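The values are calculated or read from the model by the stated rules, or taken from the named source; none is laboratory data. Keep in mind that this is a model prediction, so the values were computed, not measured. Here the Cβ is made from the backbone with ideal geometry for all residues, glycine too, and neighbour counts use every protein chain on show.
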Amino acid sequence: MPMKEGMKKIYLYTRFERFWHWAQGALIITLALTGFEIHGTIDLFGFERAVAVHDFCAWSWLGLYVFIVFWLLTTGEWKQYVPTMEKIYDVAMYYASGIFRGEPHPVPKTVRRKHNPLQRLTYVSISTVLIPFQIGTGLLYLFYNQWADLGIANSMSLDMVALLHMIGAFGFLAFLVVHVYMTTTGHAVSAHIIAMFTGWEEVEDVDSVQDWEKKSERI
């Protein structure tokens, strides 16, 4: 397929980024399915197998999360996720209406800026709030029998922890649904998805650093 005029192809996502993207997606879906079975909502694997798979995936995700944080810190890629309010209104209005009128994206992707301000705010919120919340409630649920040894047996109930963990799970499912939809908003429906397999993505041919980037870059 010929490249659209005014576009260029750049190597945007490394192999590890692509691996962690798909691995996290698979883990989230598996954790959700097994978690719902543990709570008695669905019946797919059988209770004992669901518990075993859920625990395995939970520990795998925790290990992956540690590697992701380490990779971000050692490669400097953490800078891609520094939140900014610059252009965030423009991006929100683009997704709310501009995209349906064929308007250009207000923040084109570049190697130095893979994520627009709205994405950065979302990813930082998930990484610093939702993921630790889910890990914390999951560990409390898993080590319920050790609550007395930790001195927290009288400070909370298992039902409350289970409810909080379920709320976090719905938060991830909501993000997953929105994320899947957003993958279809490129210049072609499959463009973003293909990029997460190959690492190469067609982006607007913009080489100069935009003014909003200069204002928001304080690192």
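In the stretch 43-62, the count of residues that are surrounded by 12 or more Cβ atoms within 10 Å (Cβ to Cβ) and of a type in the set (Ser, Thr, Tyr) is one or more.
When Ile29 is tested against (1) over 15 Å from the mean Cα position of the chain (by Cα); (2) of a type outside the set (S, T, N, Q); (3) surrounded by fewer than 17 Cβ atoms within 10 Å (Cβ to Cβ); (4) not in a strand (DSSP E or B), just one condition goes unmet, and that condition is (1). Summed over the stretch 122-139, residues that are out of contact with any Phe, Trp or Tyr (no Cβ under 8 Å at 6 or more places or on another chain) and either aliphatic (A, V, I, L, M) or farther than 16 Å from Phe170 by Cβ (or both) total 5. Checked against (1) of a type in the set (Val, Ile, Thr); (2) within 22 Å of Phe175 (Cβ to Cβ); (3) assigned to a loop (DSSP other than H, G, I, E, B); (4) out of contact with any helix residue (DSSP H, G or I) (no Cβ under 8 Å at 6 or more places or on another chain), Ile42 meets all criteria but (4). Against the criterion of being outside any helix (DSSP H, G or I), out of contact with any Pro (no Cβ under 8 Å at 6 or more places or on another chain) and aliphatic (A, V, I, L, M), Met156 qualifies.
Results for (1) under 21 Å from Cys57 (Cβ atoms); (2) at pLDDT below 90; (3) acidic (Asp, Glu); (4) surrounded by 13 or more Cβ atoms within 10 Å (Cβ to Cβ), shown as yes or no for each residue.
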residue: Arg101; (1), (2), (3), (4): no, yes, no, no
residue: Ser127; (1), (2), (3), (4): yes, no, no, yes
residue: Met166; (1), (2), (3), (4): yes, no, no, yes
residue: Gly186; (1), (2), (3), (4): no, yes, no, yes
residue: Val189; (1), (2), (3), (4): no, yes, no, no
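The set of residues from the stretch 71-96 being assigned to a helix (DSSP H, G or I) and among the hydroxyl-bearing types (Ser, Thr, Tyr) comprises Thr74, Thr75, Tyr81, Tyr89, Tyr94, Tyr95. Looking at Ile99, is it under 30 Å from Asp159 (Cβ atoms) and either touching a His at 6+ places or on another chain (Cβ under 7 Å) or touching a residue at least 60 places away in the same chain (Cβ under 8 Å) (or both)? Criteria not met by Ile99.
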